[in-house]
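The values are calculated or read from the model by the stated rules, or taken from the named source; none is laboratory data. Computed from a prediction, not measured in an experiment: that's the story for all the values here. Note that each Cβ is placed from the backbone with ideal geometry, even for glycine, and that neighbours are counted across all protein chains shown. Accessible surface areas use protein heavy atoms only, side chains included; no ligands, DNA or RNA. Shrake-Rupley method; radii C 1.70, N 1.55, O 1.52, S 1.80 Å.
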Amino acid sequence: LKRPRSRPRPPHSSTVTPPPAALEEAMPLKQEVAEQLTGQWQVGLFEAPCKAPLPCLLGCCCMCCMAGKQRLEIIDVLGEDYVCCGGMFPCGPLGNPQDRNCAWAEACCCTGLAIAGNRFLIQTRLDRQNTACDDCILWVTCLAPLVLCICQCAGCDVPEGIEHCVHFMTITVDGCMLAQQQVEIDHVKEVGFAGANPAIVAMLPPLQQQMIGQARPMGPAAHAGMAAGAILGGAAGAGAMMGAAGAGRPAPTAMGQAAGGRHGEMGGPPMQMAMSAKGGFMNTMAPNGMPWWQYCQGIPATVDPGSGLLVGPWGECLAWAKVFEVHNPGWSSDPNFAGGPAGQVVHAALSTCPPHLRAATEQAAERLEMACGQAAFNGAPLPLIGQRA
């Protein structure tokens, strides 16, 4: 397990008060962070009224209620504490965790910042980049009221109709943002939260890194994780995810133990892989008692288009391989694990892909491995399996 070099393990204190010199670095999304974003939104900002009409209408008509409700859903999925405006403006108490019900006060008193905070959390935790169309819409929405205000201050007689148009545009875009963000939250609830991209986390200010490092499964997030486990990995995946919701429930004792001599009992030879199924991590036992080679047999490696991570049985297998590496530090001296347990899983997974998909699958596997390594370093549940290493 490789630990991140640039980020020490955060302290366990839940109160963060950045020094004045750090406030500038803690401000909203910087260009270097935006450059690390690669994930795509399920619905574009421009197409939100057509593809998500109900959330869009609710966002336009009652944006305070929707912004507050959305923030609570976001922090439940992420497992983070509530920090005002998503921690974008950590001045004094605004940078400290507060009661989650304060989200309603933020949504009512600072509605625009509440919507922006929701978007900031989604983009930095779930890795979602704006399209050129999104950026254009957001820039126009930000600049139009400013131009209107400057004209009025300069003594220009601005027709009342133009003021109404600017206000209507702002309300409409806010509703579209809330709808786009809600679709993304619902998607993550279905597939599960795989953890923040370590490359993005490394570029965030210390406060944001600490918020992510102290994240923990909470209520709905744990249930969503179990549902995602069932979708991605059947009963074994759901059982593994339940480990995160079960207050430290231990992993199955069979996990990581050699399954030698059982190939004949479990029906047929293993699938053809780039490594031998008679040794290495693929011959250890999955949580359901099967050897990993059989658990993944006949299933091609798949990539979640939203998170860009390897998912399904192969994703579970890779996550458990990282757990194995942490719990068995002597694996490097065992010739059966040449290339590393995680490396063996990736090598085997790539052998199930057609040539034109191998590069994308390898990148997805590397991102999942990095996310698992970051979670293990922080003492957090690993993506997909919900098990702490």
Check your understanding: Do any residues in the stretch 371-389 that are of a type in the set (A, V, I, L, M, F, W, C) and open to solvent by 20 Å² or more (accessible area, probe 1.4 Å) have Cβ atoms under 7 Å from those of residues that are assigned to a helix (DSSP H, G or I) and at pLDDT 85 or above, where the two are at least six apart or on different chains, and which pairs are they?
Key -> ALA376/LYS322; ALA376/VAL326; ALA389/LYS322; ALA389/VAL323; ALA389/VAL326; ALA389/ALA376
Check your understanding: Is it the case that the stretch 173-192 has a residue that's open to solvent by 40 Å² or more (accessible area, probe 1.4 Å) and in a loop (DSSP other than H, G, I, E, B)?
Key -> no
Point to revise | helices (runs of 4 or more DSSP H) wholly inside the stretch 37-138 containing at least 2 residues that are closer than 24 Å to GLY192 by Cα | key: 48-51, 53-61, 63-78, 111-126
Practice item. Determine whether SER307 is part of a helix (DSSP H, G or I) and of a type in the set (Ser, Thr, Tyr). Key: no
Review point. Any residue in the stretch 345-359 that is modelled with pLDDT of 85 or more, open to solvent by 40 Å² or more (accessible area, probe 1.4 Å), among the basic types (Lys, Arg) and in a helix (DSSP H, G or I)?
Key: yes
Study note, to complete from the structure: Among residues of the stretch 364-382 being modelled with pLDDT under 85 and not in a helix (DSSP H, G or I), the residue farthest from LEU78 (Cα to Cα) is GLY379
Study note, to complete from the structure: Contact list, first residue from the stretch 309-329 and touching a residue at least 40 places away in the same chain (Cβ under 8 Å) and among the charged types (D, E, K, R), second anywhere and assigned to a loop (DSSP other than H, G, I, E, B) and open to solvent by 10 Å² or more (accessible area, probe 1.4 Å), beta-carbon distance below 8 Å, six or more apart or interchain, is GLU316/LEU384; LYS322/LEU1; LYS322/ALA389; GLU325/LEU1
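Quick grid of which residues meet (1) under 17 Å from GLY175 (Cα atoms); (2) under 20 Å from the mean Cα position of the chain (by Cα); (3) not acidic (Asp, Glu):
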residue: VAL33; (1), (2), (3): no, yes, yes
residue: GLN36; (1), (2), (3): no, yes, yes
residue: TRP41; (1), (2), (3): yes, yes, yes
residue: PHE46; (1), (2), (3): yes, no, yes
residue: PRO49; (1), (2), (3): yes, no, yes
residue: PRO53; (1), (2), (3): yes, no, yes
residue: LYS69; (1), (2), (3): yes, yes, yes
residue: ILE75; (1), (2), (3): no, yes, yes
residue: GLU80; (1), (2), (3): no, yes, no
Review point. Taking CYS102, is it under 22 Å from ILE212 (Cβ atoms) and either touching a Cys at 6+ places or on another chain (Cβ under 9 Å) or open to solvent by 40 Å² or more (accessible area, probe 1.4 Å) (or both)?
Key: yes
**Study point:** Matching residues in the stretch 308-333 - criterion: being touching a helix residue (DSSP H, G or I) at 6+ places or on another chain (Cβ under 7 Å) and of a type outside the set (A, V, I, L, M)
**Key:** GLY308, GLY312, PRO313, TRP314, GLY315, GLU316, CYS317, LYS322, PHE324, GLU325, TRP331
Exercise for review: Using the structure shown, decide if PRO300 is under 28 Å from the mean Cα position of the chain (by Cα), surrounded by 23 or more Cβ atoms within 10 Å (Cβ to Cβ), in contact (Cβ under 8 Å) with a residue 40 or more places away in the chain and closer than 19 Å to LEU368 by Cα.
Suggested key: no
